[in-house]
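Chemist: Sharing a structure with you now.
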Amino acid sequence: MKRVLVTAVLAACLGVSWSLGWSSAASAQAQAPGPTLAAVLQRDILVCGTSTGAAGFSLPDSRGEYRGIDSDLCRAVAGAVLGDRTKIRWVPLTTQARLPALQSGQIDVLIRTVTWTQGRDTANGLNFTAISFFDGQGFMLRKSLNVTKATELEGASICVVAGSTNELNLSDWARTNNIHYNPVVFEQNDEARRSYFNGRCDAYSTDASQLAGLRASFPHPEEHVILPDIISKEPHAPVVRHGDDQWFDIIRWTFFALITAEELGITSANIDSHLNSQNPEIRRLLGLSGDHGPLMGLDRRWAYNAIKAAGNYGEIFERNLGRGSPIGLPRGLNDLWTRGGLMYAPPIR
């Protein structure tokens, strides 16, 4: 009889433990800081690799503050990890220097219009975390040339950046379409842009979103046209080093938290009004239930801090690239999956 009672009590205890669900399991699995997280916490600064200048993505303003979608993603990570969006050391990197800087440990994360390719993902000791922007390569030229499609660029001189996917895509496109062109190659984006503006080449070829940002910065943007042709897929993603899965998870899930926040209607302005929500999904996102932050070695309010630091993904897009910005891009593929876009976050549970 005693054995029966003991068995019943144990079963009841196990039932109670099971009913506590994810929270109890997560507490038992809370992670200690891995190498990258430990280094960031020790110096109390996130070292973020960024562009030397790309309007709408990462470009210093008149006060030296970096502005753009990539800059705001860095701020979201700083918020998630350090609880402070300002604790960032910006490291502007050229196209050719960006991957070696990450490989060597000069930066903690590279968030800089980097296209995710198979070669980069497998041959460089790097991991691409999540697609933060869907883009494609296009062409910009002066309207006075009366060119309406890319295949009319036979014999044209085209500015492009060395070591970029743009340089390789342009070569592939020309070979496929039997187009002969004269490449004018530069090490840095700024050099290519200045050269195009000063008339050293007939056209400039890079990601279409960057072309839109560049045109918006010209004194007379109406004098330049971006052709409708898109010749490549350019999925941008934050990049980290191989071998630190915890840091990989932090960068990836911070981005997913921004997507989830937009899905749930949570913004940097109204987030505090959701702290009393009984919606289970909102409670998990904001750290009101579950131990999703500790699973990555972070505070339970990691996602709250990220959203507070930069806003949800829609806010970030509209502020830097959207119709309310000087660039004026439509969301397109970068809209939520519920509105016909490709932005889709796995559930936080």
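Chemist: For residues that are within 15 Å of the chain's Cα centre (by Cα) and either among the hydroxyl-bearing types (Ser, Thr, Tyr) or open to solvent by less than 30 Å² (accessible area, probe 1.4 Å) (or both), tally how many sit in the stretch 337-349.
Modeler: Residues that pass the stated criteria total 3.
Chemist: Quick one: in the stretch 196-215, which of the residues that are open to solvent by less than 30 Å² (accessible area, probe 1.4 Å) and aromatic (Phe, Trp, Tyr) is nearest to Asn320 (Cα to Cα)?
Modeler: Ranking the candidates gives Tyr204 first.
Chemist: I'd like the residue in the stretch 114-134 that is of a type outside the set (Lys, Arg) and closer than 22 Å to Arg175 by Cβ and, out of all such residues, is surrounded by the most Cβ atoms within 10 Å (Cβ to Cβ).
Modeler: That would be Thr115.
Chemist: Could you list, in sequence order, the residues of the stretch 32-57 that are in a loop (DSSP other than H, G, I, E, B), hydrophobic (A, V, I, L, M, F, W, C) and touching a residue at least 60 places away in the same chain (Cβ under 8 Å)?
Modeler: Matches in the stretch 32-57: Ala32, Ala55, Phe57.
Chemist: I'm trying to understand the selection: among the residues of the stretch 282-330, which are basic (Lys, Arg), crowded, with 18+ Cβ neighbours inside 10 Å and within 27 Å of Gly56 (Cβ to Cβ)?
Modeler: Answer for the stretch 282-330, where residues must be basic (Lys, Arg), crowded, with 18+ Cβ neighbours inside 10 Å and within 27 Å of Gly56 (Cβ to Cβ): just Lys308.
Chemist: Is there a residue in the stretch 228-236 that is of a type outside the set (D, E, K, R), over 19 Å from Thr148 (Cα atoms) and in contact with a strand residue (DSSP E or B) (Cβ under 8 Å, 6 or more places away or on another chain)?
Modeler: yes
Chemist: A further question follows. Can you list the strands (runs of 3 or more DSSP E) found entirely within the stretch 179-257 that contain at least 2 residues being under 22 Å from the mean Cα position of the chain (by Cα) and hydroxyl-bearing (Ser, Thr, Tyr)?
Modeler: 203-207
Chemist: For the list (1) of a type outside the set (A, V, I, L, M); (2) open to solvent by 20 Å² or more (accessible area, probe 1.4 Å); (3) closer than 30 Å to Leu153 by Cα; (4) at pLDDT 95 or above, I need the number of the one condition that Asp245 fails.
Modeler: With (1) of a type outside the set (A, V, I, L, M); (2) open to solvent by 20 Å² or more (accessible area, probe 1.4 Å); (3) closer than 30 Å to Leu153 by Cα; (4) at pLDDT 95 or above applied to Asp245, the lone miss is (3).
Chemist: Something else about it: Consider the stretch 72-113. How many of its residues are closer than 12 Å to Ile316 by Cβ and free of Cβ contacts under 8 Å to residues at least 40 places away in the same chain?
Modeler: Count: 1.
Chemist: Would a scan of the stretch 184-195 turn up a residue that is among the β-branched types (Val, Ile, Thr), in contact (Cβ under 8 Å) with a residue 12 or more places away in the chain, over 23 Å from Ile316 (Cβ atoms) and open to solvent by less than 40 Å² (accessible area, probe 1.4 Å)?
Modeler: Looking through the stretch 184-195, at least one residue is among the β-branched types (Val, Ile, Thr), in contact (Cβ under 8 Å) with a residue 12 or more places away in the chain, over 23 Å from Ile316 (Cβ atoms) and open to solvent by less than 40 Å² (accessible area, probe 1.4 Å).
The values are calculated or read from the model by the stated rules, or taken from the named source; none is laboratory data. On a predicted model such as this, the values are computed, not experimentally measured, just so you know. No Cβ is skipped: glycine too gets one built from the backbone with ideal geometry, and neighbour counts run over all protein chains shown. Accessible surface is based on the protein model in full, side chains and every heavy atom, while ligands, DNA and RNA are left aside. Shrake-Rupley method; radii C 1.70, N 1.55, O 1.52, S 1.80 Å.
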